[in-house]
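Before any comments, here is the structure.
The values are calculated or read from the model by the stated rules, or taken from the named source; none is laboratory data. As the structure is a computational prediction, the values presented were derived from the model and not from experiment. In this analysis, Cβ positions are derived from the backbone assuming ideal geometry, glycine residues included, and neighbour counts consider all displayed protein chains.
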């Protein structure tokens with residue numbers, strides 16, 4: 001067989017393809033970066049180890065002293081209708097103040113939805129009271145030598161959630177792990193990727209997971225923060241206005257601590273920056289909340305600078321019809337706590353393959369729950385489209 005020859009100067013095309021060293025950057029460029037800020041914060045916040053598959057916490061509150069009229073009352077009326085069940089807030093001797101007129105009256109007796117009163121104590125005359133008007137309990141009065149009256153306390157509430165097992169396995173043949181490749185190689189490359197993917201799953205569950213336990217399967221689902229929030233939910237906001245924003249935030253900031261953080265999809269975050277141009281302070285590169293980068297701060301009527309964290313990964317989702325692309329989620333970090341089960345926090349478990357199998361299988365595994373107390377301290381604005 002004749003030997004192949006070539007004439008002239010040898011160029012790169014004359015080389016055998018596999019003879020050339022590939023000009024390859026020795027790292028991968030990922031499509032997205034780690035945008036799981038809520039889980040970053042949870043990992044930095046104080047946590048408490050769970051000791052079983054169900055976690056509990058106790059909630060209580062001060063005795064209520066405010067309700068509203070459920071029906072108008074003429075100046076001569078001595079029986080006032082209040083929101084059903086909220087008549088139980090009152091006891092004989094309570095002094096109440098009508099919000100509009102400032103009139104003060106004394107409670108004679110109370111039922112579940114009505115209170116009987118003596119009108120016009122003091123200098124303000126009795127006046128017609130309107131439906132929806134505030135009724136404030138300003139104190140209680142007793143005669144000399146009187147008994148202490150009716151005893152009333154609030155009922156404690158038992159909060160609960162379940163631990164959920166989250167797993168992300170991955171594996172390679174032993175041959176694949178020892179061949180020479182560009183980049184960090186497997187399993188090192190996949191170990192780094194799977195950690196972020198595992199963290200992403202934990203964050204989505206901590207935000208939106210359902211709360212459930214199946215005794216037949218011995219399987220628990222960890223309820224996320226949105227499973228608990230019911231009071232301060234504003235749906236179908238549409239174009240964000242100052243009126244809608246103020247109304248929603250005032251209700252959310254009325255309860256809990258001032259350690260609140262706003263997580264906003266890009267569309268609501270942009271709307272906030274335009275709407276609050278005079279009270280929107282761009283964060284510096286060093287500004288963080290428990291390790292999560294802050295986009296900006298809202299200053300003003302809420303008594304503190306409120307961090308705004310842009311959830312850029314929510315920008316992939318739609319904004320209409322209550323979907324997360326239009327969300328602004330306000331969470332009180334003082335009332336949220338991660339509850340990993342004892343010795344079952346996030347771990348990389350190596351060599352899970354069966355004996356004799358010529359491969360390597362590893363997995364990230366976490367069993368945890370979430371404590372979300374005082375649901376009125378949190379809130380969601382949905383459907384912000386601009």
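Take the residues in segment 258-276 that are modelled with pLDDT of 90 or more and under 30 Å from residue 59 (Cβ atoms); name whichever of them is surrounded by the most Cβ atoms within 10 Å (Cβ to Cβ).
Ranking the qualifying residues of segment 258-276, first place goes to 268.
The rows are residues; the columns are (1) free of Cβ contacts under 8 Å to residues at least 24 places away in the same chain; (2) under 16 Å from residue 330 (Cα atoms).
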{"position": "253", "(1), (2)": "no, yes"}
{"position": "257", "(1), (2)": "no, yes"}
{"position": "268", "(1), (2)": "no, yes"}
{"position": "275", "(1), (2)": "no, no"}
{"position": "285", "(1), (2)": "yes, no"}
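Does residue 176 count as at pLDDT below 95, part of a helix (DSSP H, G or I) and surrounded by fewer than 16 Cβ atoms within 10 Å (Cβ to Cβ)?
Numbers: at pLDDT below 95: yes; part of a helix (DSSP H, G or I): yes; surrounded by fewer than 16 Cβ atoms within 10 Å (Cβ to Cβ): yes.
It is true that residue 176 is at pLDDT below 95, part of a helix (DSSP H, G or I) and surrounded by fewer than 16 Cβ atoms within 10 Å (Cβ to Cβ).
Please list, ordered by first then second residue, the pairs with beta carbon atoms under 6 Å, 6 or more apart or interchain, first in segment 77-106 and at pLDDT below 95, second assigned to a helix (DSSP H, G or I) and crowded, with 18+ Cβ neighbours inside 10 Å.
From segment 77-106, no pairs qualify.
Of the residues 294, 361, 374, 308, which single one is surrounded by 14 or more Cβ atoms within 10 Å (Cβ to Cβ), closer than 13 Å to residue 268 by Cβ and in the same structural domain as residue 53 (by TED's automatic domain parsing)?
Working: 294 fails: closer than 13 Å to residue 268 by Cβ; 361 fails: closer than 13 Å to residue 268 by Cβ; 374 fails: closer than 13 Å to residue 268 by Cβ.
It is 308.
Here's a check for you: in segment 96-131, which residue that is surrounded by fewer than 13 Cβ atoms within 10 Å (Cβ to Cβ) and on the phi > 0 side of the Ramachandran plot is nearest to the chain's Cα centre (by Cα)?
The selected residue is 102.
Of 78, 166, which residue is touching a helix residue (DSSP H, G or I) at 6+ places or on another chain (Cβ under 8 Å) and at negative phi?
Details: 78 fails: touching a helix residue (DSSP H, G or I) at 6+ places or on another chain (Cβ under 8 Å).
Exactly one residue qualifies, and that residue is 166.
Inspect segment 291-307 for any residue being closer than 28 Å to residue 366 by Cα and part of a helix (DSSP H, G or I) and give the result as yes or no.
So in segment 291-307, the residues closer than 28 Å to residue 366 by Cα come out as 291-294.
Filter again for part of a helix (DSSP H, G or I), leaving none.
Within segment 291-307 (the criterion being closer than 28 Å to residue 366 by Cα and part of a helix (DSSP H, G or I)), the answer is no, since none of the residues qualifies.
Which of the residues belonging to segment 59-79 are assigned to a strand (DSSP E or B) and farther than 16 Å from residue 370 by Cβ? Let's see the steps before the verdict.
Pass one, segment 59-79, residues assigned to a strand (DSSP E or B): 59, 66-69, 73, 79.
66, 67, 68, 69, 73, 79 - these are the residues of segment 59-79 that are assigned to a strand (DSSP E or B) and farther than 16 Å from residue 370 by Cβ.
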